Amino acid sequence: MLSLAAYLHRLDPFLLELGGGFGIRWYGLSYLAGFVLAYFLIRRVTRVGISTLVPEQVADMVVAGAIGIFLGGRLGYALFYDRELFYTFSSSPPWWNLLAIHRGGMASHGGILGFIVAMFVFARRRGHSWGHLMDLGAFACPIGLGFGRVANFINGELYGRPCAPDFPLAVLFPRELVERSDADLQMLAPLLPPVPPSRQTGLEDQILRAIQEGNAQVIEAVTPLLTPRHPSQLYEALLEGLVVFLVLALIWTRPRRPLVVGGSFLAVYGVMRILAEFFREPDEGIALVMGLSRGQWLSIPLVAAGLVIALLAARRKVAPMGGWLKGQETSAAGAKR
């Protein structure tokens, strides 16, 4: 018998649904919140720390970084997890499945690579230190990552591995059912209420909608079919978001040589991602290799590269930059302009 501690996930991914799978989603709002906070964090460094970037240029940098993250995140997801997106199409907008971002599918590792490229281009065009821009982006990035993982939880996606039914944080994710068995879906179909033509969607979406709206019959039928799981999305929000940010904030309490913060981000984020993935259900169709998931294998090179970059950067004979605490000597090395 399931413990009452197992919470049935009923959160609606839409703040406002317009129909046809479109609307204002919490996932999109999480990205917006992340970029807004990134703007204010980076602006603070440019105002109280040592930086060649002036506050008036921060918005341009954030927009360039956002473009790189979106393109890299989507391409990375297709390359690392679902290559069929490159050559599959549908009869409804946006027709090419690679562009169907509203259906989900972003890879954080791809987003990091996209941001690196975007900052390289921005630095070359604006005459800034690429390493310093990487530090600024790395400092602000964990907050956005944390918001994104909370949005994953709201969506009920990327859920955790099975846990004990009486585990205090156990969650039942209905998306597990709709991704698992056509027979179970057909069994639930007679319990669904009539759907107006304007809200006609697939059977999977109708079941999720009925649960989100509190349909007692559907909930009663679904609950015994679900597995209590770790809310791994919230673990990732804590580890990849808050913990990584606090470590970087501690490192950057005073100016550092360019790429020390960026390298530290790669290393600390990689470690936190590896730890969090032990609680996350492996991606469907991607087998574990030597007990590690695809995300963990992709994070191992991040840790190694981050450590090497941070150590080499710390030994470079260049002026320190950055720092987010007030009282930094912004005139040092003539960097502020």
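Please go through the range 308-328 and pick out each residue that is closer than 20 Å to G49 by Cα and either surrounded by 13 or more Cβ atoms within 10 Å (Cβ to Cβ) or among the polar types (S, T, N, Q) (or both). Reasoning before the result, please.
Here is the first cut: in the range 308-328, the residues closer than 20 Å to G49 by Cα are 310, 313-314, 316-328.
Within the range 308-328, A310, A313, A314, V318, A319, P320, M321, G322, G323, W324, L325, Q328 meet the criteria.
Could you tell me whether V36 is among the hydrophobic types (A, V, I, L, M, F, W, C) and closer than 22 Å to S129 by Cα? Please lay out each step first, then the result.
Working: among the hydrophobic types (A, V, I, L, M, F, W, C): yes; closer than 22 Å to S129 by Cα: no.
Against the criterion (among the hydrophobic types (A, V, I, L, M, F, W, C) and closer than 22 Å to S129 by Cα), V36 does not qualify.
Pull up the range 276-296, narrow it to residues that are surrounded by fewer than 17 Cβ atoms within 10 Å (Cβ to Cβ) and of a type in the set (D, E, K, R), then point me to the one that is farthest from the chain's Cα centre (by Cα).
E284
Considering only the range 212-241, how many residues are under 18 Å from the mean Cα position of the chain (by Cα), open to solvent by less than 40 Å² (accessible area, probe 1.4 Å) and among the hydrophobic types (A, V, I, L, M, F, W, C)? Can you show your working first?
Initial filter on the range 212-241 (under 18 Å from the mean Cα position of the chain (by Cα)): 230-241.
Now restrict to residues that are open to solvent by less than 40 Å² (accessible area, probe 1.4 Å): 230-233, 236-237, 240-241.
Now restrict to residues that are among the hydrophobic types (A, V, I, L, M, F, W, C): 237.
Adding up the residues that qualify gives 1.
Can you tell me which residue in the range 165-180 is most open to solvent (accessible area, probe 1.4 Å), limited to those that are under 22 Å from A216 (Cβ atoms) and assigned to a loop (DSSP other than H, G, I, E, B)?
Step one: of the range 165-180, the residues under 22 Å from A216 (Cβ atoms) are 165, 170-178.
Within this subset, residues satisfying the condition of being assigned to a loop (DSSP other than H, G, I, E, B) are 165, 170, 173-174.
Details: P165: 56, A170: 1, F173: 0, P174: 9 Å².
Result: P165.
Starting from the range 7-19, keep only residues that are assigned to a loop (DSSP other than H, G, I, E, B) and at pLDDT 90 or above, then list their pairs with residues that are basic (K, R) and open to solvent by 30 Å² or more (accessible area, probe 1.4 Å) whose Cβ atoms are within a distance under 9 Å, requiring at least 6 positions of separation or different chains.
H9/R175; D12/R209; P13/R25
Quickly run through the range 214-244 and pick out the residues that are touching a Phe, Trp or Tyr at 6+ places or on another chain (Cβ under 8 Å) and either part of a helix (DSSP H, G or I) or farther than 16 Å from R10 by Cβ (or both). Please lay out each step first, then the result.
Looking only at the range 214-244, we keep the residues that are touching a Phe, Trp or Tyr at 6+ places or on another chain (Cβ under 8 Å), and these are 226, 228-235, 237, 240-241, 244.
Residues satisfying the conditions are H230, S232, Q233, L234, Y235, A237, E240, G241, V244.
Working only within the range 80-89, note down all residues that are open to solvent by 30 Å² or more (accessible area, probe 1.4 Å) and either of a type in the set (F, W, Y) or not in a loop (DSSP other than H, G, I, E, B) (or both).
Residues of the range 80-89 open to solvent by 30 Å² or more (accessible area, probe 1.4 Å): 80-84, 86-89.
Of everything in the range 80-89, those that are open to solvent by 30 Å² or more (accessible area, probe 1.4 Å) and either of a type in the set (F, W, Y) or not in a loop (DSSP other than H, G, I, E, B) (or both) turn out to be F80, Y81, R83, E84, F86, Y87, F89.
Among the listed residues S299, S264, identify the single one that is closer than 14 Å to H109 by Cβ, open to solvent by less than 80 Å² (accessible area, probe 1.4 Å) and modelled with pLDDT of 95 or more. Steps first, please.
On the way: S264 fails: closer than 14 Å to H109 by Cβ.
S299 is the lone residue from the list that is closer than 14 Å to H109 by Cβ, open to solvent by less than 80 Å² (accessible area, probe 1.4 Å) and modelled with pLDDT of 95 or more.
Kindly evaluate V244 against the criterion of being in contact with an Asp or Glu (Cβ under 8 Å, 6 or more places away or on another chain), more than 25 Å from F167 (Cα to Cα), at pLDDT 95 or above and open to solvent by less than 50 Å² (accessible area, probe 1.4 Å).
Numbers: in contact with an Asp or Glu (Cβ under 8 Å, 6 or more places away or on another chain): no; more than 25 Å from F167 (Cα to Cα): yes; at pLDDT 95 or above: yes; open to solvent by less than 50 Å² (accessible area, probe 1.4 Å): yes.
It is false that V244 is in contact with an Asp or Glu (Cβ under 8 Å, 6 or more places away or on another chain), more than 25 Å from F167 (Cα to Cα), at pLDDT 95 or above and open to solvent by less than 50 Å² (accessible area, probe 1.4 Å).
Looking at (1) more than 25 Å from L248 (Cβ to Cβ); (2) open to solvent by less than 10 Å² (accessible area, probe 1.4 Å); (3) among the small types (G, A, S), which one does G76 not meet, given that it meets all the others?
(1)
All but one of (1) free of Cβ contacts under 8 Å to residues at least 60 places away in the same chain; (2) in a helix (DSSP H, G or I) hold for L37; state the number of the condition that does not hold.
(1)
Please determine, by comparing only the residues of the range 90-123 that are assigned to a loop (DSSP other than H, G, I, E, B) and under 21 Å from F14 (Cβ atoms), which one is most open to solvent (accessible area, probe 1.4 Å). Spell out how you get there, then give the answer.
Taking the range 90-123 first, the residues assigned to a loop (DSSP other than H, G, I, E, B) are 90-95, 100, 104-107.
Going one step further and asking which of them are under 21 Å from F14 (Cβ atoms), we end up with 90, 92-94, 100, 104-106.
Working: S90: 37, S92: 47, P93: 70, P94: 37, A100: 3, G104: 28, G105: 13, M106: 38 Å².
Result: P93.
Taking only the range 116-130 into account, find how many residues are of a type outside the set (D, E, K, R) and more than 18 Å from P55 (Cα to Cα). If you could, list the steps in order and put the result at the bottom.
From the range 116-130, those of a type outside the set (D, E, K, R) are 116-123, 127-130; that's our starting set.
Those left that are additionally more than 18 Å from P55 (Cα to Cα): 116-118, 120-121.
Qualifying residue count for the region: 5.
Does any residue of the range 290-298 turn out to be within 26 Å of G49 (Cβ to Cβ) and among the small types (G, A, S)?
First, pick out the residues of the range 290-298 that are within 26 Å of G49 (Cβ to Cβ): none.
Within the range 290-298, not a single residue is within 26 Å of G49 (Cβ to Cβ) and among the small types (G, A, S).
What pairs come out if I take residues in the range 136-155 that are on the phi < 0 side of the Ramachandran plot and pair them with residues that are in a helix (DSSP H, G or I) and of a type in the set (D, E) whose C-beta lies under 7 Å away, six or more apart or interchain?
P142/E240; L145/E240; G146/E240; R149/E236; R149/E240
Could you list, in sequence order, the residues of the range 245-291 that are of a type in the set (V, I, T), in contact with a Ser or Thr (Cβ under 9 Å, 6 or more places away or on another chain) and in a loop (DSSP other than H, G, I, E, B)?
Looking only at the range 245-291, we keep the residues that are of a type in the set (V, I, T), and these are 247, 251, 253, 260-261, 268, 271, 274, 286, 289.
Filter once more, keeping what is in contact with a Ser or Thr (Cβ under 9 Å, 6 or more places away or on another chain): 247, 251, 271, 274, 286.
Once the filter is applied, which keeps residues that are of a type in the set (V, I, T), in contact with a Ser or Thr (Cβ under 9 Å, 6 or more places away or on another chain) and in a loop (DSSP other than H, G, I, E, B), the range 245-291 yields only I286.
The values are calculated or read from the model by the stated rules, or taken from the named source; none is laboratory data. Model, not experiment: these values are computed from the prediction. All Cβ positions, glycine included, derive from the backbone under ideal geometry; neighbour counts span all protein chains shown. The area values use the complete protein model at the heavy-atom level, side chains included, leaving out ligands, DNA and RNA. Shrake-Rupley method; radii C 1.70, N 1.55, O 1.52, S 1.80 Å.
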